[in-house]
1. Does Ala157 meet the test of being open to solvent by less than 30 Å² (accessible area, probe 1.4 Å) and closer than 17 Å to Ala68 by Cα?
2. I'd like the full set of residues that are of a type in the set (Asp, Glu) and open to solvent by less than 70 Å² (accessible area, probe 1.4 Å), limited to segment 9-46.
3. Could you check, for segment 109-127, whether at least one of its residues is more than 17 Å from Ser63 (Cβ to Cβ), in a helix (DSSP H, G or I), aliphatic (A, V, I, L, M) and modelled with pLDDT under 80?
4. Quick one: in segment 104-119, of everything that is without any contact (Cβ under 8 Å) to a residue 24 or more places away in the chain and more than 17 Å from Ala171 (Cα to Cα), which residue is least open to solvent (accessible area, probe 1.4 Å)?
5. Would you confirm whether or not segment 59-75 contains a residue that is touching a Cys at 6+ places or on another chain (Cβ under 9 Å) and at pLDDT below 85?
6. Which count do you get for residues in segment 120-151 that are surrounded by 15 or more Cβ atoms within 10 Å (Cβ to Cβ) and small (Gly, Ala, Ser)?
Amino acid sequence: MERCLQGEAEAFGGILDRYERPVYNLVVRLGADREEARDICQQVFINIYQHLASYDPSRRFFSWLYRAAVNETINHMKSRRSWEPLEGQRVENREPDPEQALQAVEQEREIQRGLLQLEMKYRLAVIAYHFLQLSYEEAAYVLSVPERTVKSRLFTARQQLREILEERRHARR
């Protein structure tokens, strides 16, 4: 990032290589389909490049990047006005054995469906903390809310998600 800030345009390629997949996964988790996620990611990185001068080096870069990705995704989704369940679109880094893979895909689908039923503010808290593994402080920064709000939203989101998943299990019986 320092090289980019000093005007080395080629250094941005390294940022793209390192963060493209995590940003894509974030966008998909927020509810975009594969094509939308590619478009949103492209726009996020264009925006980041155009606004490099606004980056605050006292903050972690990925927090700033994820905040931009969350905002771009929300703006895109608001214009789309519909949220559809995802069908195992997450990009995986390694392949488990076939039985584990099947269980993981089904569990992923259930969690995705449950997440999509949560209000956006709760969904974002879960994604930031659990899937992006941000600290409470980083999640607060990314979501533009106080740290205690992140904790409160996580508590509520976990309860609601648990209820949603339990209802789904009971409905299948």
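1. Details: open to solvent by less than 30 Å² (accessible area, probe 1.4 Å): yes; closer than 17 Å to Ala68 by Cα: no.
No, not satisfied.
2. Taking segment 9-46 and keeping what is of a type in the set (Asp, Glu), we get 10, 17, 20, 33, 35-36, 39.
Once the filter is applied, which keeps residues that are of a type in the set (Asp, Glu) and open to solvent by less than 70 Å² (accessible area, probe 1.4 Å), segment 9-46 yields Asp33, Glu36.
3. Checking segment 109-127: at least one residue is more than 17 Å from Ser63 (Cβ to Cβ), in a helix (DSSP H, G or I), aliphatic (A, V, I, L, M) and modelled with pLDDT under 80.
4. Ranking the qualifying residues of segment 104-119, first place goes to Glu108.
5. Here is the first cut: in segment 59-75, the ones touching a Cys at 6+ places or on another chain (Cβ under 9 Å) are 69, 72.
With the extra rule that they be at pLDDT below 85, the set shrinks to none.
No.
6. Number satisfying all stated conditions: 4.
The values are calculated or read from the model by the stated rules, or taken from the named source; none is laboratory data. For clarity, every value in this text was computed on a predicted model and none was experimentally measured. We place every Cβ from the backbone using ideal geometry, glycine too, and count neighbours over all the protein chains shown. Areas reflect the complete protein model, heavy atoms only, side chains present, ligands, DNA and RNA absent. Shrake-Rupley method; radii C 1.70, N 1.55, O 1.52, S 1.80 Å.
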